[in-house]
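*Asks:* Questions regarding the structure given below will be posed in turn.
The values are calculated or read from the model by the stated rules, or taken from the named source; none is laboratory data. All values derive from a computational prediction rather than experimental measurement. With ideal geometry, Cβ positions are generated from the backbone for all residues, glycine too; neighbour counts draw on all protein chains shown.
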Amino acid sequence: MGRLPPLNAVKAFEVAARMGSFVLAAEELGVSAAAVSQQVKHLEDFLERKLFVRTGNRITLTDAGHAIYPQTSRALNDIAAMTTRILEGDLHSRRLVVSVPFSLAESWLAPKLSTLLESYPQLAVDIRVEDDPIDLIRHDIDIRVSYGDYHYPGVTAIHLVRDEVVPVCTPEFWSAHGNDEFDLSQIPQNLFIHTHWGASYASGPTWHDWFSLISSNHYPDPKQGVRCGLSSLSVSLARLGLGIALGHRLIARADLDAGRLISLSSVSLPLGHPYCAFIPASKVGRKDITRMMELLADQ
């Protein structure tokens, strides 16, 4: 490799030539005008050529300055582009590992993931659908979304959203089985869809909770109608016209917006715990994780 000029001096020359002023170059570089002038003098001494004609506070390129400026500018731009590629390549070489409960994977996470990939189209993503608890370190999880803030002691819980449920069904179902007053107490018990949260959860919203909230003594019998073990499946069953479900807004939002489902009441029942995200301390600050968290928090 041939001799290289002092790179700080080259940078000072390029900015001064582009800006036409040592003062403006100094503002861009965050140094004094005297420091820019000194760096340019250093390059001139190295090249044994005058690069600027100095007239008071004005500078103009000499013939030698004009000769080297285009290549100097291209070289620095190439270095900047290489740096950007390396930094972004470091991002794209990673695989973003997001772990979520079954109920949130398709209806809630997938649209947010689509937005993330618009920003980082080369980003490799691993979506893991699994129940709590997960060994975040051993399984190399970047972000774990969980119902509740208590599953991972020692890892900071970032509250995302406290979801709520509302009675939902298809317009066709309500037309066939409903009433003008939207009185759910008149609906036969076998037409309610029940979500069974499992033995690990005591705070899952039930039809008994919802009817108690509206001060009604009509309590659909969970032994009748359809019962399933996933809140997302309850919404899907309602979408198929199999009954009325207590639909989670996060999960049912797209169907409600599109008119595939309708909300039967303005009364909603909040979940007992918020959905939270957990990020191992060693992964905090990564660009892809930060962007994903912004999307997860945007409700």
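*Asks:* Before we move on, is residue 131 surrounded by fewer than 20 Cβ atoms within 10 Å (Cβ to Cβ), closer than 20 Å to residue 273 by Cα and of a type in the set (D, E, K, R)?
*Replies:* Working: surrounded by fewer than 20 Cβ atoms within 10 Å (Cβ to Cβ): yes; closer than 20 Å to residue 273 by Cα: yes; of a type in the set (D, E, K, R): yes.
When the stated conditions are applied, residue 131 passes them.
*Asks:* Okay, next question. Please go through region 1-56 and pick out each residue that is free of Cβ contacts under 8 Å to residues at least 40 places away in the same chain, of a type in the set (D, E, K, R) and within 18 Å of residue 80 (Cα to Cα).
*Replies:* Of everything in region 1-56, just one residue is free of Cβ contacts under 8 Å to residues at least 40 places away in the same chain, of a type in the set (D, E, K, R) and within 18 Å of residue 80 (Cα to Cα), namely 28.
*Asks:* What do you reckon, is residue 59 on the phi < 0 side of the Ramachandran plot and either charged (D, E, K, R) or assigned to a strand (DSSP E or B) (or both)?
*Replies:* yes
*Asks:* Considering region 1-15 alone, what residues qualify as being in a helix (DSSP H, G or I), of a type outside the set (Lys, Arg) and touching a Leu at 6+ places or on another chain (Cβ under 8 Å)?
*Replies:* Going through region 1-15, the residues in a helix (DSSP H, G or I) turn out to be 7-15.
This time we only want the ones that are of a type outside the set (Lys, Arg), so: 7-10, 12-15.
Result: 9, 10, 12, 13, 14, 15.
*Asks:* For region 209-231, give me each residue that is touching a residue at least 12 places away in the same chain (Cβ under 8 Å) and assigned to a helix (DSSP H, G or I). Give the derivation first.
*Replies:* Step one: of region 209-231, the residues touching a residue at least 12 places away in the same chain (Cβ under 8 Å) are 209-211, 213-214, 216, 218-222, 224-231.
Across region 209-231, the qualifying residues are 209, 210, 211, 213, 231.
*Asks:* Okay, moving on. Is it fair to say residue 149 is among the acidic types (Asp, Glu), crowded, with 17+ Cβ neighbours inside 10 Å and modelled with pLDDT of 85 or more?
*Replies:* Taking the combined requirement at face value, the residue satisfies it.
*Asks:* Okay, moving on. Of all the residues that make up region 152-185, how many are of a type in the set (D, E, K, R) and surrounded by 12 or more Cβ atoms within 10 Å (Cβ to Cβ)?
*Replies:* 4
*Asks:* How many residues are under 20 Å from residue 227 (Cβ atoms) and out of contact with any Leu (no Cβ under 7 Å at 6 or more places or on another chain) when one looks only at region 169-184?
*Replies:* Residues of region 169-184 that are under 20 Å from residue 227 (Cβ atoms), as a first pass: 169-170, 173, 177, 184.
Adding the requirement that they be out of contact with any Leu (no Cβ under 7 Å at 6 or more places or on another chain) leaves 173.
Matching residues across region 169-184 total 1.
*Asks:* At pLDDT below 95 and crowded, with 20+ Cβ neighbours inside 10 Å: which single residue out of 231, 215 fits that description?
*Replies:* One residue alone meets the criteria, 231.
*Asks:* Of (1) modelled with pLDDT under 95; (2) outside any loop (DSSP other than H, G, I, E, B), residue 238 satisfies all except one. Which?
*Replies:* So the condition that residue 238 fails would be (1).
*Asks:* Would you say residue 260 is within 25 Å of residue 215 (Cβ to Cβ), among the charged types (D, E, K, R) and either without any contact (Cβ under 8 Å) to a residue 12 or more places away in the chain or not assigned by TED's automatic domain parsing to the domain that holds residue 106 (or both)?
*Replies:* Against the criterion (within 25 Å of residue 215 (Cβ to Cβ), among the charged types (D, E, K, R) and either without any contact (Cβ under 8 Å) to a residue 12 or more places away in the chain or not assigned by TED's automatic domain parsing to the domain that holds residue 106 (or both)), residue 260 does not qualify.
*Asks:* Shifting gears a bit: Please go through region 272-288 and pick out each residue that is outside any strand (DSSP E or B), under 17 Å from residue 116 (Cβ atoms) and modelled with pLDDT of 90 or more.
*Replies:* Residue satisfying the conditions is 279 alone.
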